[in-house]
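Presented below is the structure to which this report refers.
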Number of protein chains: 2
Amino acid sequence: MPERTPSPPAPVPDPPPSVPVTLSATLAADEALARRRRAGERVLSMASGEIGLPVLPALRDRLAAAADENAYGSVAGSTALRTAAAGYWQRRGLGIDPGLVVAGPGSKSLLFALLLAIGGDVVVPVPSWVSYAAQARLAGARAVPVPILPGQGGVPDPDRLREAVADARAAGQHPRAVVVTVPDNPTGTVASAATVRRLAEAARELDLVVVSDEIYGDLVYDTSAPAVSPARYAPERTVVTTGLTKNLALGGWRTGVARLPDSERGRALHTRLVAVASQIWSSPPAPVQTAAAYAFGEPPEVVERVAASLRLHGTVVRAVAARFTAVGAELAPTAATCYLYPDFEPLRERLAAAHGVHDGDGLAGLFSERYGVGVLPASAFGEPGRPLRIRAATSHFYGDTAEQRTAALEAARAADPLALPWIRGSVDRIGEVLADLAGAPAPAPTPSPHA
Amino acid sequence: MPERTPSPPAPVPDPPPSVPVTLSATLAADEALARRRRAGERVLSMASGEIGLPVLPALRDRLAAAADENAYGSVAGSTALRTAAAGYWQRRGLGIDPGLVVAGPGSKSLLFALLLAIGGDVVVPVPSWVSYAAQARLAGARAVPVPILPGQGGVPDPDRLREAVADARAAGQHPRAVVVTVPDNPTGTVASAATVRRLAEAARELDLVVVSDEIYGDLVYDTSAPAVSPARYAPERTVVTTGLTKNLALGGWRTGVARLPDSERGRALHTRLVAVASQIWSSPPAPVQTAAAYAFGEPPEVVERVAASLRLHGTVVRAVAARFTAVGAELAPTAATCYLYPDFEPLRERLAAAHGVHDGDGLAGLFSERYGVGVLPASAFGEPGRPLRIRAATSHFYGDTAEQRTAALEAARAADPLALPWIRGSVDRIGEVLADLAGAPAPAPTPSPHA
């Protein structure tokens, strides 16, 4: 074929504004630490909240037995999975028609699809999980930030919500949804029922859909602080999402479920959500759905595993919290999840003088570069004003091997997980780091119960 | 707590324009047929191109053995999977650094994330797969439709591409990418190397990224019509996507891979794609990645299975094509996939007089309601002008049980799949339906080789 002389290039107009898109801060931090560990460095990962525990054998066996399932099935997920998820919610006082449950490849994907299905702008709490605001931008929406009340993480202050939504609407924006996280990431706190109720009332007044991310719902270790869903107070407008990533450590399986409201609005949103899902992911992975259906059915071994995990999380996070407060960091009483969100404001002078650190980003850099400890700065959670604050996760403390992790669970059932040398070592290590960083005397090591 | 008098509702401004979002036509049709089958109706599904074949035992065993993998791993997918996919492309003359491969939960998800990562509007061929235009709308972009050349499905006519992009840019739109499908869904044709080359040259002149959906790359049964990737002619700007959904019937596993260009533009796009992936799906399901890595390595049993599947597809689709042409429907010579895209224009008068059918939507309705045969109208693929055209897929003909489907593959290896009563029955059934619909004499049944 003869070579064609190319025409002169057509003029390309100025590009449209690019969507600002950044790698998930938690996933980026995890990958960076993994590289350093492979390079032989001593590192302590407190960056992501990935739960370092093994797959429950009963679930592993269900997935293995379902390995010959290769059909797409329904976009919204199998009847078995949706029915099991409805039962899971029923046992928590939130009964729902399985026809209003939508399963997806992770609750992250469901949250994104919900933003597309709802449309308009979205109110997010400050601080909040790294991906809400990023997802809003990808969905072509604005994230309207509203601060939490002190110690009431994950729920925008209802009064400030009213102001922010009024201001946004006056400015021509279109907030249609408010995201809440109960229990909360990053603060590890659980908003009170009264606050959740006030948020639900404000959402009704403002005609907002409430998107309640309850992925940490089974991770409340402080029994005096039960997590209450806004679906109790605004059932007609609350979408609840959850999954098996936190309670059963199945992040890598990618499975999540959404519970749509049983109302005219909810059914219309269900139709749109399933349509979005059909265009973005088709259906959740079929073999995983079968194992997930078993898990959401909560047979005794699943209930026992979740309970043992919860004891483990609570024991370790409390021990680590004590290390932070021992050097003078401020910490709201944590009640759930594997997160701590300490404020180093009381140490501002020391950090500036000894380390040249003036904000959370600098503090996270210090943890990482000087000590090999991965944490995330408050700015990753949308915090303005450069607070001297970081989020630290304890969910990687349970061991590097399946054997260690299984032993950690066993210790949580019957003994003291802090007696295991690898867990005690990590807790002591963060204690040493904090003492050095704060110029405090080195702390006594965790006493061994057998010492 | 005392009841609060609710404030009067705040005024809600007019909502922003809603994203039009509709359920994937193929998935919707499949679900509707499955409901009718469960209700006891005799139905013949030719709507979706889901491949009705079993999981290869070696892959089932790999997935089962990986059921204890629960870590997220890298956003872009495991090194093993990315290296295996790079090898798959290497063996097809498209060698690539595994660092430029991104795995996702299905190539559908990757295509959507690519639209977000590229930004701007996107040219799509007419006709083309149901989800390209829908994904563009969800990404906040416009789909710029450009017709194919006759018999050259999946590739916009390069000359009309230049006109359409110039017009779109003059109108203030921002086309930045062009999607091609090689081999093509819905037409079952393979664009010639010359056409692909002209498309690639036009894309370079117009500064467009080429997104080449090559999910049907291993499904070319006409060896005189090899599929050539635009990555050969515009390597600096072509992204290739594929997966295991079609060649190995693993749609329900949700696994896909993208090959980014080894160029400055490609590396920048890789960074953005991984960032989008991190915010939407985190990582592909870990156990599935391990099994997919084995499949992309193409050990002998995988190669043999793909070859047997291809013989099965080719045999059945050619037999069905003969039924369509026998009643006078027009059909470009099909060379690949499991699709037929017949045009019933020669039967227009008959269809109007006997059935009151005037376009593809009416024709699809007739197939479904009168005969229980699921097909999709041309309008589902973006065809304007209401042509009397439908897409029919033969990939559900291989049986309803794993035993039947395994026997179908066995017959494709050693004998004639059309000799199997359930396959012959489906082929004969569509022949009867077409004869009745066209007012033609009933066709002779498929001769059995043992008759």
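Since every read-out is calculated from the coordinates, none of them should be taken as a lab result. None of the values given here were measured: they were computed from a predicted structure. For neighbour counting, all protein chains shown are included, and Cβ atoms are generated from backbone atoms with ideal geometry for every residue, glycine included.
Note down the magnitude of the dipole of region B:69-297 about its Cα centre, charges +1 on Lys and Arg C-beta and -1 on Asp and Glu C-beta and zero elsewhere, to the nearest 20 debye.
For this selection, approximately 260 debye.
Of the beta bridges DSSP finds with both residues in the protein assembly as shown, what % are antiparallel, to the nearest 5?
45 percent
Based on Cβ point charges of +1 for Lys and Arg and -1 for Asp and Glu, what charge dipole magnitude is obtained for chain A about its Cα centre, in debye rounded to the nearest 20?
The calculated dipole for chain A is roughly 280 debye.
Could you grab the relative contact order for region B:69-297? Cα pairs under 8 Å, six or more apart, rounded to a whole percent.
RCO, region B:69-297: 28 percent.
Using label points projected 7 Å from each Cα along Cα→Cβ, tell me how many nm separate residue A:322 and residue B:352, to one decimal.
Modelled inter-label distance: 8.7 nm.
What average number of partner chain Cβ atoms lie no more than 10 Å from the Cβ of the residues making up B:111-119?
Mean shielding count: 3.
In Å, the Kirkwood hydrodynamic radius of region A:68-298 over pairs of distinct alpha carbons?
Over region A:68-298, the inverse of the mean reciprocal pair distance is 17.4 Å.
Assign one of three labels to region B:114-174, namely rounded, prolate or oblate, based on the Cα gyration tensor with a ≥ b ≥ c the square roots of its eigenvalues; rounded applies when a/c is under 1.5, prolate when it is not and a/b is larger than b/c, and oblate otherwise.
Oblate, since a/c reaches 1.5 and b/c is not below a/b.
For residue A:159, which inter-copy label distances result when the label point lies 7 Å beyond Cα on the Cα-to-Cβ vector, reported in nm to one decimal and in ascending order?
Ordered by increasing distance: 7.1 nm.
Using 1/(1 + (r/R0)^6) with R0 = 51 angstrom and r between the beta carbons of residue B:22 and residue B:207, what's the FRET efficiency to the nearest 0.05?
Here the calculated transfer efficiency is 0.95.
What nm distance separates the two modelled labels at residue A:166 and residue B:432, each placed 7 Å from Cα along Cα→Cβ?
About 7.1 nm separates the two model spin labels.
Count charges around residue A:431 for me, please; just the other residues with Cβ under 14 Å from its Cβ, Lys/Arg as +1, Asp/Glu as -1.
So the surrounding residues net to +1.
Using the charge dipole of the protein assembly as shown (Lys, Arg: +1 at Cβ; Asp, Glu: -1 at Cβ; taken about the Cα centre), state which of A:347, A:70, B:235 has its Cα farthest towards the positive end.
A:70
Got the relative contact order for chain B handy, in percent, Cα pairs under 8 Å and 6 or more residues apart?
Contact order relative to length: 20 percent.
Report, for region A:68-298, the % of DSSP beta bridges that are antiparallel, rounded to 5.
35 percent
Evaluate the Debye formula for the protein assembly as shown with equal point scatterers sitting on the alpha carbons, no solvent, and hand back log10 of I(q)/I(0) at q = 0.08 Å⁻¹, in q order, two decimals.
Each listed q maps to, in turn, -0.75.
Suppose every Lys and Arg Cβ carries +1 and every Asp and Glu Cβ carries -1, with no other charges. What dipole size does the protein assembly as shown come out with about its Cα centre, to the nearest 20 debye?
Around 120 debye, computed over the protein assembly as shown.
Given the rule -39500 (n - 2.57) for each run of at least 4 DSSP H residues, summed and divided by the residues of chain A, what is its mean residue ellipticity at 222 nm, to the nearest 500 deg cm²/dmol?
Calculated mean residue ellipticity at 222 nm is -13500 deg cm²/dmol.
Looking at region B:186-325 only, what percent of DSSP beta bridges run antiparallel? Nearest 5 please.
Roughly 50 percent of the beta bridges in region B:186-325 run antiparallel, per DSSP.
R0 = 25 Å: FRET efficiency of residue A:298 with residue A:404, Cβ-based, nearest 0.05?
Plugging the Cβ-Cβ distance into 1/(1 + (r/R0)^6) gives 0.40.
Enumerate the residues in region A:153-189 having an amide nitrogen under 14 Å from the point lying 7 Å beyond the Cα of residue A:232 toward its Cβ.
A:182-183
If you add up the charges near residue A:84, with Lys and Arg at +1 and Asp and Glu at -1, over every other residue whose beta carbon is less than 13 angstrom from its beta carbon, what do you get?
+3
Loop-only trypsin sites (Lys or Arg not before Pro) in region A:17-86, please: DSSP not H, G, I, E or B, and at most 13 other Cβ atoms within 10 Å.
Counting only loop positions with at most 13 other Cβ atoms within 10 Å, the trypsin sites (Lys or Arg not before Pro) in region A:17-86 are A:42.
If a/c stays under 1.5 just call it rounded; otherwise compare a/b with b/c (prolate if a/b is bigger, oblate if not). Do that for region A:32-164, with a ≥ b ≥ c from the square roots of the Cα gyration tensor eigenvalues.
Oblate, since a/c reaches 1.5 and b/c is not below a/b.
Taking chain A on its own, what percent of its Cα-Cα pair distances exceed 39 Å?
22 percent
Indicate the gyration tensor shape class of region B:147-273 (rounded, prolate or oblate), computed on the Cα atoms with a ≥ b ≥ c the square roots of the eigenvalues: a/c under 1.5 is rounded; otherwise a/b larger than b/c is prolate and the rest oblate.
Oblate, since a/c reaches 1.5 and b/c is not below a/b.
Take the alpha-carbon centre of region A:150-178, take the same for region B:36-69, and report the distance between them in whole Å.
46 Å
Please name which of B:225, B:289, B:195 has its Cα lying farthest along the dipole of region B:69-297 towards the positive end, using unit charges on Cβ (Lys, Arg +1; Asp, Glu -1) and the Cα centre as origin.
Working it through, the farthest residue towards the positive pole turns out to be B:289.
In a shell of Cβ-Cβ distance under 13 Å around residue A:72, excluding residue A:72 itself, what net charge do Lys and Arg (+1) and Asp and Glu (-1) give?
Once all neighbours under 13 Å are counted, the net charge is -1.
If packing is taken as the mean number of other Cβ atoms within 10 Å per residue, what is the order of A:177-190, B:121-134, highest first?
Going by the mean number of other Cβ atoms within 10 Å, highest first, we get A:177-190, B:121-134.
For an R0 of 35 angstrom, estimate the FRET efficiency from the Cβ-Cβ distance between residue A:268 and residue A:92 and round to the nearest 0.05.
Efficiency, rounded to the nearest 0.05: 0.90.
Among B:275, B:212, B:94, pick out the residue whose Cα is farthest towards the positive end of the charge dipole of chain B, where Lys and Arg carry +1 and Asp and Glu carry -1 on C-beta, about the Cα centre.
Among B:275, B:212, B:94, the one farthest towards the positive end of the dipole of chain B is B:275.
Listing A:100, A:208 from the residue with the fewest other Cβ atoms within 10 Å to the one with the most, what is the order?
A:100, A:208
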